[in-house]
1. Output the qualifying pairs, or none if there are none: Cβ atoms under 7 angstrom, residues six or more apart or on different chains, first residue in the range 162-184 and over 22 Å from ASP144 (Cα atoms), second residue within 11 Å of the ligand (Cβ to nearest atom) and not in a loop (DSSP other than H, G, I, E, B).
2. Under 8 Å between Cβ atoms, at least 6 apart or on separate chains: pull out the pairs that start in the range 229-245 with a residue that is within 16 Å of THR126 (Cβ to Cβ) and end on any residue that is away from the ligand (no atom under 15 Å from the Cβ) and assigned to a strand (DSSP E or B).
3. Can you tell me which residues in the range 1-37 are among the aliphatic types (A, V, I, L, M) and either touching a helix residue (DSSP H, G or I) at 6+ places or on another chain (Cβ under 8 Å) or over 20 Å from LYS329 (Cα atoms) (or both)?
4. Select, from ALA111, ALA163, the only residue that is on the phi < 0 side of the Ramachandran plot, among the hydrophobic types (A, V, I, L, M, F, W, C) and not assigned by TED's automatic domain parsing to the domain that holds VAL215.
5. If ALA111 satisfies every condition in (1) assigned to a loop (DSSP other than H, G, I, E, B); (2) in contact with a Ser or Thr (Cβ under 9 Å, 6 or more places away or on another chain); (3) among the hydrophobic types (A, V, I, L, M, F, W, C); (4) within 24 Å of GLY69 (Cβ to Cβ) but one, which is the exception?
6. I need the full set of residues from the range 261-308 which are under 19 Å from LEU134 (Cβ atoms), among the basic types (Lys, Arg) and not in a loop (DSSP other than H, G, I, E, B), in order please.
7. Given the structure, is ALA253 assigned by TED's automatic domain parsing to the domain that holds LEU134, in contact (Cβ under 8 Å) with a residue 24 or more places away in the chain, within 15 Å of SER145 (Cα to Cα) and within 16 Å of the ligand (Cβ to nearest atom)?
8. Could you pull out every one of the strands (runs of 3 or more DSSP E) wholly within the range 119-199 that has 3 or more residues that are within 13 Å of the ligand (Cβ to nearest atom)?
Amino acid sequence: SREWHLLSRPVGWPKPEDFGLVEAEVAQPGEGQLLVRNKYVSVDPYMRGRMSAAKSYAAPYELNEPMQGGAVGEVVVSNVEGIEPGDHVLHFLGWREYAVVNAKTAVKVDAEAAPLSTYLGVLGMTGLTAYAGLLRTAAFKEGDSVFVSGAAGAVGSQVGQIAKLKGASRVIGSAGSDEKVKLLLEEYGFDAAFNYKNGPVSEQLREAAPDGVDVYFDNVGGDHLEAAIGSLNRDGRIAVCGMISVYNNTEPAPGPKNLSRLIQTRGRIEGFLVGDHYDLQPQFVQEVGGWVRSGELKYRETVVEGIENNLEAFFGVLRGDNIGKMIVKL
Ligand code: NDP
């Protein structure tokens, strides 16, 4: 069985030499454990943080140990009541072909109810991030105008569509290619969208949201955050979900220069972590699952095949190669 190890802690953009695909013996599962053959493995921006030694909400990856992350696989051996070989589970030991999983850290998923990959994306962690961040942290309400960055990605594409479905007055998205912008307008029903690489974000946002924004869902940080503060309306709310534009920085990024606008607007900026919002999971699955089934909420996945391409898929997320959730299929 092959698994990806972190060999050295990347400085700046991670390099292939920082990682190794290692052959390892498949262990036998003990009491309360499962042997799982991974079928779909997730790569996510937050993994960049776990490659650094700095203390954060998720423990750093150990050097010369397999990396971790969301995965869905088929149970091969089960020492657990209620889980049979052939069942599928969602768990956190990705980046490898086979995993010995403590059943307590796994949940059974239904391959009949939805495609297995969706438990990592639209119906999984990134979906709940969009749902909780928009509805709870940003306290979205009908009639709000919503701006979301990273809008063609897994979280962002769902934020924009949920806002539309829940009665946003206007949804504006930004993304890093003209192809992605076209998708936002033509497939996801955004009212306006722009390519942030085509000109200053603040100018493009002012044009796309002439009446300002009530909610900004931040996936990017940097210029985007400053632009959103500049366009914020009275009582505006900014949910800080991610800041992918600074994850590979070696120096702290400068902050927004226009924070004083929060006084005028009585604005609020608040960060959140999806892990604190799993109480919303049943409501999320019911509501968003319904929209996915009815076709009202659309999603894309970018699927890369093969464990040997797991690392390249991760680099692809940092570069913006993906449309929708980036998934590795084994
Ligand atoms: P995405 O599917 O959105 O993939 C990341 C995207 O980021 C890329 O496709 C790329 O698209 C964009 N990007 C990369 N570099 C830059 C840059 N310098 N400026 C602007 N955009 C850039 O990933 P996710 O949906 O999984 O995650 C989105 C964000 O949400 C991330 O910041 C992530 O860390 C955060 N997150 C936070 C969680 C939480 O609990 N707070 C949970 C899950 C995710 P493009 O072509 O548009 O540049």
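The values are calculated or read from the model by the stated rules, or taken from the named source; none is laboratory data. Being a predicted model, the structure only gives us computed values, none of them experimental. Ideal geometry is used to build each Cβ from the backbone, glycine not excepted, and the neighbour counts take in all protein chains shown.
1. Close Cβ pairs (under 7 Å, with a partner that is within 11 Å of the ligand (Cβ to nearest atom) and not in a loop (DSSP other than H, G, I, E, B)) amount to GLY176/ASN195; GLY176/TYR196; GLY176/LYS197; SER177/ASN195; ASP178/ASN195.
2. ALA239/VAL215
3. Listed by number, the residues that qualify are LEU6, LEU7, VAL11, LEU21, ALA27, LEU34.
4. After ruling out the rest, the residue left standing is ALA111.
5. All conditions are met except number (2).
6. ARG268
7. It is false that ALA253 is assigned by TED's automatic domain parsing to the domain that holds LEU134, in contact (Cβ under 8 Å) with a residue 24 or more places away in the chain, within 15 Å of SER145 (Cα to Cα) and within 16 Å of the ligand (Cβ to nearest atom).
8. Output list reads 170-175, 192-195.
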